[in-house]
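Working notes, beginning with the structure itself.
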Amino acid sequence: MKRIILSAAVAFTGLFAVANAPQAANSHVDANCNLTIPRDNMTNRDAHDVYLCLADTLSRGYLTGDKRWIPREFVQDFRTWTPASTLPADPGTHSGRFLFTYVNQVGAAQYTKYQESNFTMPVGSVIAKESFSVTKKGKAKPGPLFIMQKAAAGASPKTNDWYYMMVSPKGKPLSVNVFRACNDCHEGFADSDYMGYPEEEVRRRF
């Protein structure tokens with residue numbers, strides 16, 4: 001699969017800052033946000049246009065309904081946090097979805113060092129990754145909002161004191177086995193406090 005890295009033209013602001021920008025006249029994205037070409041043939045601009053098309057749908061969907069055990073402010077405010085990505089990209093995790101990462105004020109300074117070892121994220125750090133997918137035939141689909149919250153030391157030893165949360169594209173909090181669905185993968189990033197960073201090419205630098 002071709003790695004999708006989008007144009008650096010929006011890198012200095014973060015992607016959502018241009019979410020109302022018009023699609024290119026030669027865009028391969030239709031009115032339903034689907035590609036008119038196969039996924040393997042999509043260009044960086046095509047992937048960018050898919051996100052611009054889906055951005056409002058993602059925002060409205062995540063906010064729909066009661067968030068129950070998930071703090072609503074995480075879902076409501078995450079796009080006001082520090083964007084750690086300059087652009088969305090498919091890192092090969094999260095079932096091949098394109099991800100865009102934000103970090104709240106508590107964790108932003110440490111997270112955006114992209115440090116590989118010998119640190120622990122501050123208690124109260126929250127990381128949010130909005131997502132979307134594109135099938136081989138080009139059908140685009142909104143994805144879940146993935147959230148990680150750093151709890152106090154000893155609060156959840158099995159997950160290195162991370163709480164994992166997911167909100168469906170329609171706003172429903174998703175009840176999953178966080179050990180199998182989340183922690184088993186994040187354990188592979190134990191040296192970086194169980195965090196996988198955005199692809200290096202799309203990391204926002206400060």
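The values are calculated or read from the model by the stated rules, or taken from the named source; none is laboratory data. As the structure is a computational prediction, the values presented were derived from the model and not from experiment. Neighbour counts are summed over all protein chains in view; Cβ atoms, including those assigned to glycine, are modelled from backbone coordinates with ideal geometry.
Pairing residues of the stretch 73-95 that are within 24 Å of Asp49 (Cβ to Cβ) with residues that are in a helix (DSSP H, G or I) and of a type in the set (Ser, Thr, Tyr), at Cβ distances under 8 Å and at least 6 apart in sequence or on separate chains, gives Arg79/Ser59; Ala84/Tyr111; Pro88/Tyr51. The condition of being among the β-branched types (Val, Ile, Thr), closer than 17 Å to Cys185 by Cβ and out of contact with any Leu (no Cβ under 6 Å at 6 or more places or on another chain) holds for only one of Thr101, Thr112, Thr120, that being Thr101.
Number of residues in the stretch 61-74 that are surrounded by fewer than 23 Cβ atoms within 10 Å (Cβ to Cβ) and either among the charged types (D, E, K, R) or under 30 Å from Lys136 (Cβ atoms) (or both): the value is 7.
Look at the stretch 119-141: where a residue is surrounded by fewer than 20 Cβ atoms within 10 Å (Cβ to Cβ) and a partner is among the basic types (Lys, Arg), sitting 6+ places away or on another chain with Cβ atoms under 6 Å, you get Val123/Lys150; Ser133/Arg97; Ser133/Lys141; Lys136/Arg39.
Number of residues in the stretch 58-83 that are in contact with a Pro (Cβ under 6 Å, 6 or more places away or on another chain) and within 12 Å of Glu130 (Cα to Cα): the value is 2. Test Lys150 against the criterion of being touching a residue at least 24 places away in the same chain (Cβ under 8 Å) and of a type in the set (Lys, Arg), and give yes or no. Yes: the conditions hold for Lys150. Restricted to the stretch 152-203, and to residues there that are closer than 14 Å to Thr120 by Cα and of a type in the set (Gly, Ala, Ser), the residue that is surrounded by the fewest Cβ atoms within 10 Å (Cβ to Cβ) is Gly154. Going by what's in this entry, would Leu52 be described as under 21 Å from Thr80 (Cβ atoms) and at pLDDT below 95? Against the criterion (under 21 Å from Thr80 (Cβ atoms) and at pLDDT below 95), Leu52 qualifies.
Check Tyr102, Tyr111 and return the single one that is of a type outside the set (A, V, I, L, M, F, W, C), touching a helix residue (DSSP H, G or I) at 6+ places or on another chain (Cβ under 6 Å), modelled with pLDDT of 95 or more and under 18 Å from Tyr197 (Cβ atoms). Show your work before the answer.
Details: Tyr111 fails: touching a helix residue (DSSP H, G or I) at 6+ places or on another chain (Cβ under 6 Å).
Going through Tyr102, Tyr111 in turn, the sole match is Tyr102.
Collect the residues in the stretch 68-91 that are of a type in the set (Asp, Glu) and outside any helix (DSSP H, G or I), keeping them in residue-number order. Result: Asp90, single match.
Residues that are part of a loop (DSSP other than H, G, I, E, B) and at positive phi within the stretch 92-145 comprise Gly92, Tyr114, Asn118, Gly124, Gly138, listed in sequence order.
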